[in-house]
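Only one structure is covered here, and it is reproduced in the block below.
The values are calculated or read from the model by the stated rules, or taken from the named source; none is laboratory data. Quick caveat, the model's predicted, so the values are computed rather than measured. Note: ideal-geometry Cβ built from the backbone for every residue, glycine included; neighbour counts use all protein chains shown. For accessibility, only protein heavy atoms count, side chains too; no ligands or nucleic acids. Shrake-Rupley method; radii C 1.70, N 1.55, O 1.52, S 1.80 Å.
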Amino acid sequence: MKMLTSVMEQVIKRNPNEPEFHQAVKEVLESLEVVAQKNPQWVKEGIFDRIVEPERQIIFRVPWVDDNGDVQVNRGFRVQFNSSIGPYKGGLRFHPSVNVGIIKFLGFEQIFKNSLTGLPLGGGKGGSDFDPKGKSDGEIMRFCQSFMSELYRHIGESTDVPAGDIGVGGREIGYMYGMYRKIRNEFTGILTGKGLTWGGSLVRTEATGYGVCYFMDEAMKSIKGKSFDGATVVVSGSGNVAIYATEKVHQLGGKVVALSDSSGYIHDAEGIKLDTVKKIKEIERKRISEYVKYHPNATYTEGCNGIWSIKCDVALPCATQNELNGEAAKMLVDNGCYGVGEGANMPSTPEAVEIFIKNGVVFGPGKAANAGGVATSGLEMCQNSMRYSWSFEEVDAKLKDIMVNIYKSASEAAKEYGQENNLVIGANVAGFLKVATAMSAQGV
Ligand code: GLU
């Protein structure tokens, strides 16, 4: 009889219509079954029942006025999931698909991810169903200001420190920080991903993408004796994570041949020219299909799943949840892909993960492989507390160190629990142990 079945049943009963949250919890509880068997006192103390229930969930109205003078109303969320090892920490996502279940799945994952970084960071997540696509700069600013005019009362440098995620980058963080400063009359590190002249950290922009590559490089070397050098790589997405993963793959001697957005994907067999992508996405904020206008040898294909049919050695899904299904995983394996690193949060479906593990693909799950972003946010908080800043080289070296250590913790935990090289189980167990120990010590 499994010890954690009742925990999962309760999650489903208490949180109906939240499939992504159920999916994230199920994967973690399955990994933790062995931990529960070994530590029955934690079952008795209700650690598993408590860890799946957010400490606090905030849902609020975000009214704003569009360029036509019409009033728009969106819904804002902040889920403060677990603060047993540090202040709540996690990004804000602005995307029409956002609902409480999506934010809860992301917040739940963040608990384990943040624990794995080795830094004192609790888990949280937030966002809104606001769609930034096609909005003017003024509309984005008014939305962000309205969002912060409610969020400010729930956050603080020692309470909860949000950051970016899909749809929230430097521009949005700037507008939100400005509003916080006006309301509170204080200059403190209450958000990360800030601009470099007002408390931001060098490498934060690059950190998630670079971190995925540092993690995968270490994992592929240790498990298979392979690296990015000479590898052909497919990266999905074309946001911040995808762009800087591509940059690092190129620095490490690999070649990225494809990128995508929610409409379709580009394939450039000669290697993606990153300057063009940065111009299209970071400056012009246009669609990835524009790329073929500059590089006619490249192709653009409508639809997203086809990107996984491109032959590659390593795949880095950096777009969004459940973007890579069982069928796509099979195509990758059949084409000889030996490494998959999740730059996005939960981009592989459970069927896809099973196929990768069964076929001996080096699989870096998001909560380990993409932890570089939040880790560097932790370093930003550290610099803010000191009122000091480190050089690019210093932060980059710390980031690399953290990613290598995450791999080692996950790998050692997997081995200890009899699942060598299964980094899904390893990451879940290693992330959990630290949080569970803290929760146990602090009482019910
Ligand atoms: N949104 C990122 C993540 O999924 C970064 C969070 C942060 O920096 O707080 O981990």
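Some observations on this one:
- Pairs linking a residue in segment 1-29 that is more than 20 Å from Ser97 (Cβ to Cβ) to a residue that is hydroxyl-bearing (Ser, Thr, Tyr), with Cβ atoms under 8 Å and 6 or more positions apart or on different chains, do not occur.
- Within segment 238-256, tally of residues that are open to solvent by less than 30 Å² (accessible area, probe 1.4 Å) and touching a strand residue (DSSP E or B) at 6+ places or on another chain (Cβ under 6 Å): 7
- Residues of segment 74-121 classified as open to solvent by less than 10 Å² (accessible area, probe 1.4 Å), of a type in the set (Gly, Ala, Ser) and more than 11 Å from the ligand (Cβ to nearest atom), total: 3
- Selection from segment 257-280 of residues that are open to solvent by 40 Å² or more (accessible area, probe 1.4 Å) and either under 13 Å from Gly209 (Cβ atoms) or touching a strand residue (DSSP E or B) at 6+ places or on another chain (Cβ under 7 Å) (or both): Ser263, His267, Ala269, Lys278
- Elements of type helices (runs of 4 or more DSSP H) contained in segment 1-116, each with 1 or more residues being touching a Phe, Trp or Tyr at 6+ places or on another chain (Cβ under 9 Å), under 22 Å from Leu433 (Cβ atoms) and of a type in the set (Phe, Trp, Tyr): 40-44, 47-51, 100-116
- Scanning segment 49-104 for residues that are touching a residue at least 24 places away in the same chain (Cβ under 8 Å) and of a type in the set (Gly, Ala, Ser) yields Gly76, Ser83, Ser84, Gly86, Gly90, Gly91, Ser97, Gly101.
- Residues in segment 139-176 that are part of a strand (DSSP E or B), of a type in the set (Gly, Ala, Ser) and buried (at least 18 other Cβ atoms within 10 Å of the Cβ): 1 in all.
- Members of segment 420-438 that are touching a helix residue (DSSP H, G or I) at 6+ places or on another chain (Cβ under 7 Å), touching a residue at least 60 places away in the same chain (Cβ under 8 Å) and surrounded by fewer than 20 Cβ atoms within 10 Å (Cβ to Cβ): Asn421, Lys434
- Among the candidates Phe48, Phe60, residue that is at pLDDT 95 or above, open to solvent by less than 10 Å² (accessible area, probe 1.4 Å) and on the phi < 0 side of the Ramachandran plot: Phe48
- Val374 vs. criteria away from the ligand (no atom under 11 Å from the Cβ) and either modelled with pLDDT under 95 or surrounded by 15 or more Cβ atoms within 10 Å (Cβ to Cβ) (or both): no
- Of all the listed residues (Gly199, Gly211), the sole one being closer than 30 Å to Lys415 by Cα, in contact (Cβ under 8 Å) with a residue 60 or more places away in the chain and within 16 Å of the ligand (Cβ to nearest atom) is Gly211.
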